[in-house]
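Here is the structure we will look at, set down as structure tokens.
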Amino acid sequence: MNSVSGLGSRGMENLRWEKSCCPYCGVGCGLRVGIRDGALVKIKGDPDHPANFGEICAKAAHLIPTVRPADRALYPMVRDKRGGELRRTSWPGALSYVARHFKRIIARHGSNAIGFYGSGQLTTESYYVFNKLAKGFLGTNNFDTNSRLCMSSAVSAYTLALGSDGPAACYEDIELADLFLIAGSNTAWCHPITFRRIEKRKLAARDGAQVIVVDPRRTETADLADLHLAIQPGTDVALFNAMLCVMIREGLIDEEFVASHTRGWERAREAALRWEPERAASVCGVGTRDIVQAARWFGNAKRPLSLWSMGINQSSAGTSKALAIINLHLASGKIGKPGCGPFSLTGQPNAMGGREVGGMAHLLPGYRHVANPAHRAEVARLWGVSEKQISPAPGLSAVELFEALAAGRVKAVWIICTNPAVSMPDLDLVDRALRYAELVVVQDSFHPTDTSLYADVVLPAAQWPEKEGVMTNSERRITLLPKLAEPPGEALDDWEIGALFGRMTGNSEAFAFVDSEAVFDEYKRFTAGTPLDISELTYERLRRGPVQWPYSARDGAGAARLYTDLKFNSSDGRAQFHPTDHRSPAEVPDREFPLILTTGRIRNQWHTMTRTGKAPALMKAAPEPYVELHPDDAAAAGITDGRFVEVRSRRGMFVAQARVTGEITRGACFVPFHWGRMSGAFKAINNLTHRARDPISGQAELKFCAVNVRPVTVWSAQDEVDALSGATSVAESETGSEIGWDQPQEGGEIE
């Protein structure tokens, strides 16, 4: 792993070093940033940060080129009519433009005709301000984020099984575990610093540390495994139920723990016993002996630690998959103790913080729910609004929001710090949604992006490291990001943009925040007495180092693990078993579309490349997408290694070079998802993916759809131009009359 990046080793003594936090994945690595003459010139890991102890991955090492690229969004811009050019304006001009259209839309169609779509890359303070703005003052719960595509199935499973959200385990447990069950995660590429800790533990463990990896592909993570279960995509529940079945048959259940600290065991036990390992083996496509071995290892381990990510969550059965993993821990009593427990690996740096502040359409701050009258009353009191102002109905989740835009039920959307025109499933739906919307506001650090091409209003936002705020990583650890540089042009911190808009719409007192610390101090009041209590936490304490929640000022530190007293966050203090059963994904292969498409990340890119795409070294390592195919599937389709192929589903097409490899299970193909239509109309794999959703979490089935793969026969440059033009066209529509709140009307171009 890299430890330093920048301009080389010369001149190190002239640098001022400041602490920060990595803006990429949920590992939440601490950074030290070298600054010379006000410019950021070097990055290295923070040896004092407990998430990484000084190590960083290549993405963090190459952050410097991403700070001030040529495509930074510098000034507010508005488009006077669809098809017209964006023109520069002032902040009052841009926000009053949005306010007038919101006012008109709400007057005609109601508050639920507007929506917000945010991001797990926002700071907690920015999440909080926009959540407050939407749910408390604009009257809509249509505030959802791309975390819905990331961790919502884990959230649902934690809440159902343990009583509230939040992983029970922590990174420190890696050094204590004697078995790792890694499912649906190529940890080596997606969470490389965490993987390095697992690797070190396995190599150094005198008492042995076994690794089981569940993944249809043989990845670098699987290379570490003592047992690699290359199951067919979508069959995880069958596997975990069969493991529990074996544990029951062989007396590996902690009956005392189950009786004293859980409920619902009999139904879960009955469901598991229906999945004999022979039955699961035929469904999963792996050996019966391997399933039995995995169950015995897990059941006999003293400290098993289960780690999972998108391969579990991004499924129409994602909640069931996560619950099936948690059931293994509850049945064996391996939770709330050092070295063991269910531990979801978060995809974004502050997806955890977003959940804490209520950054999903069904949530309110402090793990409260909009459907709960007592919760609404508490939040209304703290916000100083009527209880009636907060709608009791959950808002639209991520995919639902874009479906409603495409259908005309939602008229306006404000998109913050995310790029759904690349990351959402079924991109044709997103295209229709953004073209049909009466108003599209895009708030981002970069322009153009695939999404901002549709924008009627572009709002320039500060990015790392130009803003101050906190983020919570996968182990509930809160780190303060200091402001290390001024944002370029007129870019503002995201929370500040939300607060300006709140004041502009007549709510000056409610949004009179002077800085991010004032926002944090208001938010933390909502956590008092909740499972994530940080009401005594201050910026001053965080400047001394990160802490986990819940936090006590008396101890000066947070709780490393949850449920150490074996009391869960339910009415009776017991954890809840939930019976799970395997069900097929929403779309299964057939004669026309015989292969399963699964997608994921690659080592040196992240999300939609709006940041990593600015680093030449990272782009050099992965300049183009590709298609991994099993040799048997390639031979059947007449495909050779390196040949360009077209991948088709019922929704679209994708074109890239084939990589023929035995490291993916037969019947499946893999494509990285980072590229959008700006890269080339048919380089976006989410052209093909399915928007079927988990009925509990609302998370989309991005990991499974039916496709066919064929050699490309004829493809010209003009085909690419025509396809790209058609993919990004924006239809003209009338913007409607302009009706404003009481606010400044300043606008127009700035000389």
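The values are calculated or read from the model by the stated rules, or taken from the named source; none is laboratory data. Just so it is clear, the model here is predicted, and its values are computed rather than measured. All Cβ positions, glycine included, derive from the backbone under ideal geometry; neighbour counts span all protein chains shown.
Mind checking which helices (runs of 4 or more DSSP H) fall wholly inside the stretch 384-457 and carry at least 1 residues that are closer than 23 Å to Ser111 by Cα, hydroxyl-bearing (Ser, Thr, Tyr) and in the same structural domain as Gly136 (by TED's automatic domain parsing)?
Because the criterion is at least 1 residues that are closer than 23 Å to Ser111 by Cα, hydroxyl-bearing (Ser, Thr, Tyr) and in the same structural domain as Gly136 (by TED's automatic domain parsing), the helices (runs of 4 or more DSSP H) in the stretch 384-457 that meet it are 427-436.
Asp37 passes all but one of (1) surrounded by fewer than 17 Cβ atoms within 10 Å (Cβ to Cβ); (2) closer than 27 Å to Leu500 by Cα; (3) of a type in the set (D, E, K, R); which number fails?
Result: Asp37 fails condition (2) only.
With the condition kept exactly as written, say whether any residue in the stretch 517-539 is aliphatic (A, V, I, L, M), within 30 Å of Ala238 (Cβ to Cβ), in a loop (DSSP other than H, G, I, E, B) and touching a residue at least 60 places away in the same chain (Cβ under 8 Å).
no
Taking into account only those residues within the stretch 244-266 that are without any contact (Cβ under 8 Å) to a residue 12 or more places away in the chain and acidic (Asp, Glu), which is nearest to Lys302 (Cα to Cα)?
Restricting to residues being without any contact (Cβ under 8 Å) to a residue 12 or more places away in the chain and acidic (Asp, Glu), the top hit is Glu255.
Restricting attention to the stretch 43-71, and to residues there that are of a type in the set (D, E, K, R) and surrounded by fewer than 20 Cβ atoms within 10 Å (Cβ to Cβ), which single residue is nearest to Lys483 (Cα to Cα)?
Out of the qualifying residues, it is Arg68.
Quick check, is Glu738 modelled with pLDDT under 95, in contact with a Pro (Cβ under 6 Å, 6 or more places away or on another chain) and outside the structural domain of Val440 (by TED's automatic domain parsing)?
no
Considering only residues that are part of a loop (DSSP other than H, G, I, E, B), touching a strand residue (DSSP E or B) at 6+ places or on another chain (Cβ under 8 Å) and not charged (D, E, K, R), which ones fall in the stretch 319-351?
Residues satisfying the conditions are Ile335, Gly339, Cys340, Leu345, Pro349, Asn350.
Can you say whether Arg561 is part of a loop (DSSP other than H, G, I, E, B) and surrounded by 16 or more Cβ atoms within 10 Å (Cβ to Cβ), as far as the supplied structure shows?
Considered against the rule, which asks whether it is part of a loop (DSSP other than H, G, I, E, B) and surrounded by 16 or more Cβ atoms within 10 Å (Cβ to Cβ), Arg561 comes out as yes.
List pairs: first residue in the stretch 218-243 and assigned by TED's automatic domain parsing to the domain that holds Thr319, second residue hydroxyl-bearing (Ser, Thr, Tyr) anywhere in the structure, Cβ distance under 6 angstrom, at least six positions apart or on different chains.
Going by the 6 Å Cβ cut-off, the qualifying pairs are Thr221/Thr187; Ala230/Thr665; Pro233/Thr598; Val237/Ser320; Val237/Thr580.
So, in the stretch 678-715, of the ones that are more than 18 Å from Glu628 (Cβ to Cβ) and part of a strand (DSSP E or B), which residue ends up nearest to the chain's Cα centre (by Cα)?
Among those residues, the one meeting the criterion is Ala700.
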